[in-house]
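Here's the structure we're looking at; comments come further down.
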Amino acid sequence: MYDQYARGRFAAGVGTETSKEIDLGLFSSAAPLTKPDGLMLRQAQMQDADALYDLVAACPPLDLNSRYAYLLLCLHHAETCVVAIQDEQLVGAVTAYIPPTQTDTLFVWQLAVAPEMRGKRVGRRMLEFLLDTCLHRRKLRWLETTISPSNTASQRLFTRFSLEHNVGCTVTSLFSPGDFGDSNHEEEQLYRIGPWTRKH
């Protein structure tokens with residue numbers, strides 16, 4: 001069941017007299033959000049990983065990673081990832097994380113929407129959920145992602161997102177085709193959106 005929701009906590013020294021819950025504002029869970037049309041947005045859970053793998057497989061040109069990679073994302077980066085649930089089925093997801101050397105930045109790794117849900121602003125609504133529950137809550141200043149030149153749908157989504165929130169969006173080359181070896185992978189361009197402030 002994808003409508004289940006559990007609040008995750010981290011603790012240090014569990015099982016000892018010095019046990020102390022870690023709460024730095026970086027590990028706080030956000031409550032699920034259900035839209036009028038029944039679409040539920042929530043943070044990822046480990047049991048989402050298998051359905052997440054299948055979703056990405058159905059969404060070319062996204063790169064399909066291993067099931068293990070999606071398990072790690074849903075375990076280690078659950079609170080910076082969002083999934084969209086409709087009729088108890090996972091129909092959208094954004095996988096993201098905060099780079100260790102860029103602690104003011106949320107990096108969106110992949111954004112996927114099931115083919116039957118396209119045209120319903122699911123991608124935009126997932127980004128809004130991350131904006132409210134992650135960027136603003138953690139006072140992050142930048143949203144980054146990489147997009148290949150042929151992925152015009154993602155280009156439109158992220159540029160419109162920046163325009164509608166009146167923040168900047170710069171595009172630079174991050175990875176060249178040669179960085180991917182002999183895989184015939186396209187260039188990946190870095191979209192850097194921001195700076196964000198709490199007033200947005």
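Tabulated data
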read-out: Built amide H within the under 5 Å cut-off of Val91, gap 5+; value: Ala84, Ile85, Gln86
read-out: Shape call, the stretch 79-200: gyration tensor on alpha carbons, a/c limit 1.5; value: oblate
read-out: Spin-label proximity, Lys35 to the stretch 121-163 - amide N less than 11 Å from point 7 Å beyond Cα toward beta carbon; value: 121-129
read-out: Within the stretch 50-64, backbone nitrogen closer than 19 Å to the virtual label 7 Å beyond the Cα of Thr159 toward Cβ; value: 61
read-out: Carbon plus sulfur fraction of accessible area for the stretch 97-195, probe 1.4 Å, in percent; value: 50 percent
read-out: Integer Hz, Karplus 6.51/-1.76/1.60 couplings in order for the stretch 115-132, x for Gly and Pro; value: x, 6, 9, 6, x, 10, 6, 5, x, 4, 5, 5, 5, 4, 4, 5, 4, 6
read-out: Model label zone, Thr170; criterion: amide N under 18 Å from point 7 Å along Cα-to-beta-carbon; scope the stretch 124-141; value: 141
read-out: ³J(HN,Hα) computed for each position of the stretch 182-190 - Karplus, 6.51 cos²θ - 1.76 cosθ + 1.60, integer Hz, glycine/proline x; value: 9, 7, 6, 7, 6, 4, 10, 9, 8
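The values are calculated or read from the model by the stated rules, or taken from the named source; none is laboratory data. For clarity, every value in this text was computed on a predicted model and none was experimentally measured. Every residue, glycine as well, gets a Cβ built from its backbone with ideal geometry; the counts of neighbours run over all protein chains shown. Each accessible area value is taken on the protein alone, full model and side chains, heavy atoms only, with ligands, DNA and RNA left out. Shrake-Rupley method; radii C 1.70, N 1.55, O 1.52, S 1.80 Å.
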